[in-house]
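Engineer: Before I ask anything, here is the structure I am working with.
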Amino acid sequence: MDWLNRTRSLIGEDNLQTLKASSVVVVGLGGVGSFAAEAIARCGVGRMILIDKDRVDITNVNRQLIALRSTVGSMKTDVMKARILDINPAAVVEAYTVAYSEETTDTFNFSGVDVIVDAIDSIDDKVALIRRSFSEGIPVLSSMGAGNKLDPGAFEVADLAQTSVCPLARIMRKRLRDVGIEHVRVVYSKEMPVRGEGVGSISFVPSTAGLLLASEAIRMIIDHKTNGGTDT
């Protein structure tokens, strides 16, 4: 019996081998991305590319999976890579401690990547990543706003064109339409943002968004391998 025995019982050996042979990029390792990355790793995905420029800060401890008092000051990519390899020593983990942007995009080799998970905060950088995913024909999943929200049950997975309420989704729809992109798979919340001073967050909201991203990424990989389809 191995560490993936329970997963094998649920999805079968063939799908487990599909995940083992797959590659996933996670850009942004904050409250959403850290949970997405670890959940994907725990499914047995064989190769992961992690991208984030930041160090763990004390203000991250309330919601980010990699944020502990013992990791404050460490690079998020280093902490996440160590966690993944502790879960699955056979995984190939490439960690880039740099921001993803239009200026840095050539730094990253996405050859052989099956899914890109966008958990970036910056609108410009989100647009740049999604544009690249479309240009290279790589399916992408994008997280919309998770800040200033209290209801984890309000998250949905949908086409960006069909979203409502979320202010970030509204901006992204316009920005992407301007570059000829309309249909992107996203995780977004129908909850009206809570008004307060600055951007507030709580443990159970961004984590839910991250787990939904992970679920959708795994489903996309398995469905693509099974059906031979393509979907960005």
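Engineer: What value, in deg cm²/dmol to 500, does the helix sum -39500 (n - 2.57) over DSSP H runs of n ≥ 4 give at 222 nm once divided by the residues of the chain? Could you put the intermediate results ahead of the total?
Structural biologist: Numbers: 7 runs with 83 residues, N = 232.
That calculation yields -11000 deg cm²/dmol at 222 nm.
Engineer: Tally the DSSP beta bridges in the chain and give the antiparallel ones as a percent, rounded to 5. Let's see the in-between values first.
Structural biologist: On the way: 6 of 26 bridges.
That works out to approximately 25 percent antiparallel.
Engineer: Can you put TYR96, TYR188 in order of Cβ neighbours within 10 angstrom, beginning with the fewest?
Structural biologist: On the way: TYR96 17, TYR188 26.
Exposure proxy ranking, most exposed first: TYR96, TYR188.
Engineer: Could you order the peptides 62-70, 159-167, 25-33 from most to least packed, using the average number of other C-beta atoms within 10 Å per residue? Don't skip to the answer; put the middle values down first.
Structural biologist: Values: 62-70: 18.2, 159-167: 15.9, 25-33: 28.1.
Final packing ranking: 25-33, 62-70, 159-167.
Engineer: Still on this structure, please answer the following. Most exposed first by the Cβ proxy, i.e. fewest other Cβ within 10 Å, how do GLU103, GLU38 rank? Show your work: numbers first, answer last.
Structural biologist: Working: GLU103 10, GLU38 22.
Ordered by Cβ neighbours within 10 Å, fewest first: GLU103, GLU38.
Engineer: In µm²/s, what is D for the range 5-227 at 20 °C and 1.002 mPa s, where D = kT/(6 pi eta Rh) by Stokes-Einstein and Rh is the Kirkwood radius from Cα pairs? Present the calculation step by step, with values, prior to reporting the outcome.
Structural biologist: Values: Rh = 17.5 Å.
Here the translational diffusion coefficient equals 122 µm²/s.
Engineer: Using only alpha carbon pairs under 8 Å that are at least six residues apart, calculate the relative contact order of the chain and give it in whole percent.
Structural biologist: Details: 451 pairs, mean separation 53.8, N = 232.
Reported as a whole number, the value is 23 percent.
Engineer: Once both labels are modelled 7 Å past Cα along the beta-carbon direction, what's the HIS183-GLU136 spacing in nm?
Structural biologist: 2.2 nm
Engineer: Then there's this: Which lysines have a Cα less than 22 Å from the Cα of LYS53, not counting those fewer than 8 places away in the same chain?
Structural biologist: Filter leaves LYS76, LYS81, LYS126.
Engineer: Also, I was wondering about something else. Put a dot 7 Å past each Cα toward the Cβ at ILE58 and SER101; how far apart are the dots in nm?
Structural biologist: For the pair SER101/ILE58, the computed spacing is 2.8 nm.
Engineer: Additional query: Return THR71, THR7, THR105, THR226 ranked ascending by Cβ neighbour count within 10 Å, so the fewest neighbours appear first.
Structural biologist: Details: THR71 20, THR7 17, THR105 14, THR226 11.
Ascending Cβ contact count within 10 Å gives the list THR226, THR105, THR7, THR71.
Engineer: Related question: Defining a contact as two alpha carbons under 8 Å apart and six or more residues distant in sequence, what relative contact order in percent does the range 108-149 show? Don't skip to the answer; put the middle values down first.
Structural biologist: Numbers: 30 pairs, mean separation 20.2, N = 42.
Relative CO of the range 108-149 lands at 48 percent.
Engineer: While we're on this one: Could you order the peptides 205-212, 12-19 from most to least packed, using the average number of other C-beta atoms within 10 Å per residue? Working shown, then result.
Structural biologist: Working: 205-212: 24.4, 12-19: 15.9.
Those peptides, ordered most packed to least, come out 205-212, 12-19.
Engineer: OK, next. Using Cα pairs under 8 angstrom and six or more residues apart, how large is the relative contact order of the range 154-232, in percent?
Structural biologist: Values: 65 pairs, mean separation 26.6, N = 79.
Over the range 154-232, the number comes to 34 percent.
Engineer: With just the Cα atoms of the range 1-72, tell me how far they stretch along each of the three principal axes, in Å, largest first.
Structural biologist: So the three principal-axis extents are 41, 22, 16 Å.
Engineer: Kindly rank 217-224, 177-184, 88-95, 149-156 from highest to lowest mean number of other beta carbons found within 10 Å of each residue.
Structural biologist: Peptide ranking by packing, descending: 217-224, 149-156, 88-95, 177-184.
Each value in this text was obtained by applying a stated rule to the coordinates, not by laboratory testing. If you're wondering where the values come from, they're calculated on a predicted model, not measured in any experiment. Please note: Cβ atoms are built from the backbone with ideal geometry, for glycine as well, and neighbour counts cover all protein chains shown.
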